[in-house]
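What follows is a single structure, written as structure tokens, with notes after it.
The values are calculated or read from the model by the stated rules, or taken from the named source; none is laboratory data. On a predicted model such as this, the values are computed, not experimentally measured, just so you know. Positions of Cβ are generated from backbone atoms using ideal geometry, with glycine treated the same way; all protein chains shown enter the neighbour counts.
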Amino acid sequence: MLLRHPHTLFPLFTSSKLATTMTTQTLFHTIPFSNLRNNLSLLPLRHSRRAFFTVFCSKPVSKHLPSPLRTNGYAGASYSTVPRPARLENPEDSSVHMKFEALKKKLKVVGIETETCLPGQHNHLTCPECLGGNSAEKSLSLYIAPDWDSAVWVCFRGTCGWTGSTQGFAGSSSYPTKKGQVIPVKKKRALKEEDLELEPLCSELVAYFSERLITKETLQRNDVKQRKYGDQIVIAFPYHRNGTLVSCKYRDINKIFWQEADTEKILYGVDDIVGQSDIIIVEGEMDKLAMEEAGFRNCVSVPDGAPPAVSSKELPPTEKDRKYQYLWNCKNELKQASRIILATDGDQPGQALAEELARRIGKEKCWRVRWPKKGRDGNCKDANEVLMYLGPEALREVIENAELFPIRGLFNFRDYFDEIDAYYHRTQGYDIGLSTGWNNLNELYNVVPGELTIVTGVPNSGKSEWIDALICNLNKSDGWKFALCSMENKVSQHARKLLEKHWKKPFINSRYGEHAERMSVEEYEQGKLWLSDTFYLIRCEDDALPNVKWVLELAKAAVLRHGVRGLVIDPYNELDHQRPPNQTETEYVSQMLTLIKRFAQHHGCHVWFVAHPRQLHNWVGGPPNLYDISGSAHFINKCDNGIVIHRNRDPEAGALDQVQVCVRKVRNKVAGTIGEAFLAYNRVTGEYTAVDNKR
């Protein structure tokens, strides 16, 4: 409908119910124009996700809809519900009932249920082939003839596209009998503009486009036309190739798209990109026209809109890629371009379309745009909105500032400038490492998120005790939380050790003859809350040994769910290390440490991995070397930091409770260096204190 006014032009976009029950005459005689505009402002304007079309009519539109899907040369392409036509005069007629039963049985064979379907209209159902994808959308459009004689259907999900037809009594069916079976390609129709009865745009339509800042000159250059269906007028977008009419796309007031059936699928405006090194691809014809108003004629639009989401499947062969046949049919025009700017809509389907186009074109030659804000309502959705709200200069700026389309795994230093700035200005302190809590050790070793520290030492040197003390210090100074995969500790004993280091008091009365105050009941109860807020246990509850992948999956959950910043795996020999017969232990260790390092880097989580050296019982000499770790030299080659914990066992060499922390490897020279520090261990409380370095 169109309401005319001396000073304005206002196309009416309302619900189909309103459109089918009110006429232009009724509106003019019952509602003043100013009031109508004010009243209708409460209703959202019906902006399409693709392009913006309207219809101008003077009678109820339900009587003048285009013919049904695939019955007179038009193919439907919409999820919208078509207004229902008049019902049959005598639905109980026996012949009709027989047709109904026969057709119902045939449809049931291919999984289509007709219980809620009505004849003479497009019924929207869940496709039995793709089940509507992850969102379970009703993407199958089923049209049943008014006399129940036949039915045709099509699924509009881009990754499915299942189509077919059948007749109740004739026994003729053209649907695939197996999922994924390809329907034979039909011969393409040759079109003539006079046969389509296309007409030049009326003044009302030209004025409507003008409101969207599309000029008459742009409309004429792109040969935008109109077509009548009874008293209804719809907008027609002819598709030309080499100046020849190939197809035509229409849309009416109910947001129903359809195209000429059995025609070649191509990009809208493909002649405008011939020989162009830069090409812009948009999502709707209206966006193509908007780009031209901003000075970009090297632009084309996709004909079939956007998919609901990116497909998780591999790309199908070209001949089976039905949803995107328009790309393959225009591959020569696209191939010659060195840069293709994907300016699809900013919503989820639009971004999914950009990803699908880039997968087929090649991401290395694709760029993408970021739509600017239009005010408090958020960002503009597409090119035409930018033109309308911000003007042609803003649209030109969007295209000129297009960004490289992201390729997974390929980055630029620009993507990390925030991180590099924080490193340089030390605003976060993470890259130079966090304090261990012992000043003499901080000169040698600091804890950097995302790194792997290998800790080793002969049995009973206090490796686990030292790590427990370290993580308690990190929690106190920086609030870190930890995931603990400590297979050699019972839960109750591990809790005791952590609580003693937290309170610096014994959990139970000391057996070492020292009279230290035991932690109180109140401290114990508070300590239990601290344990539950700080540590998350990774423990295997069955007889099987856990493997590294299992541990890392649970650690990932702890990072994402609880904000864990550190992971302790203690020790290596308590994990399941089954490997393929053709894989050596060295190869296995290398692969395992690579998995751990990737986890640490990706999640910004520091990992301490305890690995025992070869059997060194009754060791009385100096500390072992990292190369003494049982299994492979990769323990020292792959780690970021390598530390040996060694407790003195020779009374003549010094105090027996003196622990030597030997930093044998530091990859990040900003965070530490090679050297040794000495700590005194308190057997009663389990805490460590710094002592003067003696060497």
- Only one residue in 311, 301, 277 is in contact (Cβ under 8 Å) with a residue 40 or more places away in the chain and under 25 Å from residue 225 (Cα atoms), so which one is that? 301
- Under the condition of being part of a helix (DSSP H, G or I) and among the charged types (D, E, K, R), which residue from region 382-399 is farthest from residue 214 (Cα to Cα)? 397
- Item | Qualifying positions in region 586-616 - touching a Ser or Thr at 6+ places or on another chain (Cβ under 6 Å) and assigned to a helix (DSSP H, G or I) | 586, 589
- Task: Return the total of residues in region 223-233 being touching a His at 6+ places or on another chain (Cβ under 8 Å) and either buried (at least 21 other Cβ atoms within 10 Å of the Cβ) or at pLDDT 90 or above (or both).
- Result: 2
- Taking the stated definitions as given, is residue 631 in contact with a helix residue (DSSP H, G or I) (Cβ under 7 Å, 6 or more places away or on another chain), at positive phi, modelled with pLDDT under 90 and surrounded by fewer than 19 Cβ atoms within 10 Å (Cβ to Cβ)? yes
- Message: Looking only at region 447-471, how many residues end up being more than 39 Å from the chain's Cα centre (by Cα) and part of a loop (DSSP other than H, G, I, E, B)?
- Response: 6
- Message: If I filter region 393-416 for residues that are under 29 Å from residue 242 (Cα atoms), crowded, with 20+ Cβ neighbours inside 10 Å and not hydrophobic (A, V, I, L, M, F, W, C), do I get at least one hit?
- Response: no
- Taking region 636-658 on its own, how many of its residues are within 23 Å of residue 610 (Cα to Cα) and without any contact (Cβ under 8 Å) to a residue 60 or more places away in the chain? 6
- Mind listing whichever residues of region 234-258 are crowded, with 20+ Cβ neighbours inside 10 Å, of a type outside the set (A, V, I, L, M, F, W, C) and assigned to a strand (DSSP E or B)? 239, 247, 249, 250, 251
- Note on the structure: Counted residues in region 130-141 being surrounded by fewer than 22 Cβ atoms within 10 Å (Cβ to Cβ) and touching a residue at least 24 places away in the same chain (Cβ under 8 Å) come to 7
- Being at pLDDT 95 or above, touching a Gly at 6+ places or on another chain (Cβ under 7 Å) and hydrophobic (A, V, I, L, M, F, W, C) is the filter here, so list the residues in region 586-607 that pass it. 600, 605
- Query: Can you pull out the residues in region 640-695 that are outside any loop (DSSP other than H, G, I, E, B), among the small types (Gly, Ala, Ser) and closer than 16 Å to residue 461 by Cβ?
  - Reply: 642, 653, 677, 680
- All-but-one check, residue 386 against (1) over 30 Å from residue 593 (Cβ atoms); (2) surrounded by fewer than 17 Cβ atoms within 10 Å (Cβ to Cβ), failing number (2)
- Whichever residue in region 187-196 is surrounded by 12 or more Cβ atoms within 10 Å (Cβ to Cβ) and in a loop (DSSP other than H, G, I, E, B) and, among such residues, is nearest to the chain's Cα centre (by Cα): 188
- Task: Would you confirm whether any residue within region 316-337 is touching a residue at least 40 places away in the same chain (Cβ under 8 Å), of a type in the set (Gly, Ala, Ser) and buried (at least 21 other Cβ atoms within 10 Å of the Cβ)?
- Result: no
- Query: Of the residues in region 414-444, how many are assigned to a loop (DSSP other than H, G, I, E, B), modelled with pLDDT of 80 or more and of a type in the set (D, E, K, R)?
  - Reply: 1
- Query: Pick from region 100-116 the residues that are over 10 Å from residue 167 (Cα atoms) and aliphatic (A, V, I, L, M): which of them is modelled with the highest pLDDT?
  - Reply: 112
- Query: Does region 472-489 hold any residues that are in a loop (DSSP other than H, G, I, E, B), of a type outside the set (A, V, I, L, M) and in contact (Cβ under 8 Å) with a residue 12 or more places away in the chain, and which are they?
  - Reply: 480, 481, 488, 489
- Query: Counting only residues that are surrounded by fewer than 19 Cβ atoms within 10 Å (Cβ to Cβ) and within 14 Å of residue 285 (Cβ to Cβ), which one in region 204-218 is farthest from the chain's Cα centre (by Cα)?
  - Reply: 218
- Item | Criterion (buried (at least 16 other Cβ atoms within 10 Å of the Cβ) and either in contact (Cβ under 8 Å) with a residue 24 or more places away in the chain or under 27 Å from residue 496 (Cα atoms) (or both)) met by exactly one of 524, 536 | 536
- Message: If I go through region 400-413 residue by residue, how many of them are assigned to a helix (DSSP H, G or I) and in contact (Cβ under 8 Å) with a residue 12 or more places away in the chain?
- Response: 0
- Message: I need every pair where a residue in region 548-575 that is on the phi > 0 side of the Ramachandran plot has its Cβ under 8 Å from the Cβ of a residue that is buried (at least 19 other Cβ atoms within 10 Å of the Cβ) and of a type in the set (Lys, Arg), sequence separation at least 6 or different chains.
- Response: none
- Confirm whether residue 201 is at pLDDT 90 or above, part of a loop (DSSP other than H, G, I, E, B), buried (at least 17 other Cβ atoms within 10 Å of the Cβ) and more than 39 Å from the chain's Cα centre (by Cα). yes
